[in-house]
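These notes concern the structure reproduced below.
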Amino acid sequence: MRIWHVSDVMTSDVVTVGPAAPYREVVALLAAYRINAVPVVDADRRVLGVVSESDLLRKVEYAGSDRPQWFEIRGRAARRKAGALTAGELMTAPAEVVLATTGIRTAARRMDEAHVKQLPVEDLLGRLIGIVSRSDLLKEHLRHDDDILVDVHAAVHEATLTERDGSVSATVERGQVTLTGRVERWSTAILAERLVRLVAGVVFVDSRIAFDVDDHDLADPAPAYFVA
């Protein structure tokens, strides 16, 4: 069964800046390319940090404000960015990054946990090779039903490899999968459903697979969740 990775959906042509790039240049780049963040890289294209719209907006937010007093701990970093003049001073570092081989579901969780809208993508040597955004991760749901069905069949085949008898059929309509048929064990039916859920583009799985033996207390197919 093929699992989609960041490399399947990322943008390879990445707009970047060096740490010495002026504030106005960074603003102009975001406006020109209609992006909301830009990686800051060194001469070897290693990611030093990321400058986002929220970093740039500190200068607008705190325009005219006095410098924080020593006891004003909260907001001190934000106020410091308000006085920044270069990308190196503005950037959020270290940057949250992913490898091209990272599963798209793992990337989605990383974005959510880090509260970011995009992640720079690095190769195994730590060099920037792309960037993946929230909209990129949604590309899996643009897949045609016929393409999804091919992967669904592969997932079902993988789940039923240990079955001597049994047959499972699948249909896909607008990303919604219906599984029917009969297998020997409950654990096989559950595993098939869980693997199909991992197929790129699947929105919902309606499993109507019947089984002959309830091995609920003897088997736990939970390891199927390890797939990113």
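The values are calculated or read from the model by the stated rules, or taken from the named source; none is laboratory data. Quick caveat, the model's predicted, so the values are computed rather than measured. Methodologically, a virtual Cβ is constructed for each residue, glycine included, from the backbone with ideal geometry; neighbour enumeration extends over all protein chains shown. Protein only, heavy atoms only, side chains kept; ligands, DNA and RNA dropped before computing areas. Shrake-Rupley method; radii C 1.70, N 1.55, O 1.52, S 1.80 Å.
Tallying residues that are touching a Ser or Thr at 6+ places or on another chain (Cβ under 9 Å) and among the hydroxyl-bearing types (S, T, Y) within the range 96-140 yields 3. Out of curiosity, is E113 touching a strand residue (DSSP E or B) at 6+ places or on another chain (Cβ under 9 Å), farther than 18 Å from V26 by Cα and either of a type in the set (D, E, K, R) or at pLDDT 95 or above (or both)? Here the answer is no, as E113 does not meet what is asked.
Filtering the range 173-197 to residues that are in a loop (DSSP other than H, G, I, E, B) and open to solvent by 20 Å² or more (accessible area, probe 1.4 Å) leaves only R174.
Which of the residues that make up the range 1-54 are closer than 30 Å to V156 by Cα and either assigned to a loop (DSSP other than H, G, I, E, B) or out of contact with any helix residue (DSSP H, G or I) (no Cβ under 6 Å at 6 or more places or on another chain) (or both)?
Residues satisfying the conditions are M1, R2, I3, W4, H5, S7, D8, M10.
Can you find even one residue in the range 117-140 that is of a type in the set (K, R), open to solvent by less than 60 Å² (accessible area, probe 1.4 Å) and in a loop (DSSP other than H, G, I, E, B)? There is no residue in the range 117-140 that is of a type in the set (K, R), open to solvent by less than 60 Å² (accessible area, probe 1.4 Å) and in a loop (DSSP other than H, G, I, E, B). Filtered by the rule that a residue be assigned to a loop (DSSP other than H, G, I, E, B) and open to solvent by 50 Å² or more (accessible area, probe 1.4 Å), the range 152-172 gives L161, T162, R164, D165.
Candidates D44, D13: the one that is on the phi < 0 side of the Ramachandran plot, under 22 Å from the mean Cα position of the chain (by Cα) and open to solvent by 30 Å² or more (accessible area, probe 1.4 Å) is D13. Assess whether L149 counts as being open to solvent by 80 Å² or more (accessible area, probe 1.4 Å), without any contact (Cβ under 8 Å) to a residue 60 or more places away in the chain, under 30 Å from T11 (Cα atoms) and not in a strand (DSSP E or B). No, not satisfied. When the range 36-54 is filtered for residues that are free of Cβ contacts under 8 Å to residues at least 24 places away in the same chain and touching a strand residue (DSSP E or B) at 6+ places or on another chain (Cβ under 8 Å), only E53 remains.
This table checks each residue for (1) under 23 Å from V14 (Cβ atoms); (2) among the polar types (S, T, N, Q); (3) modelled with pLDDT under 90.
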residue: Q69; (1), (2), (3): no, yes, yes
residue: R76; (1), (2), (3): no, no, yes
residue: A93; (1), (2), (3): yes, no, no
residue: A154; (1), (2), (3): no, no, no
residue: L161; (1), (2), (3): no, no, no
residue: D165; (1), (2), (3): no, no, yes
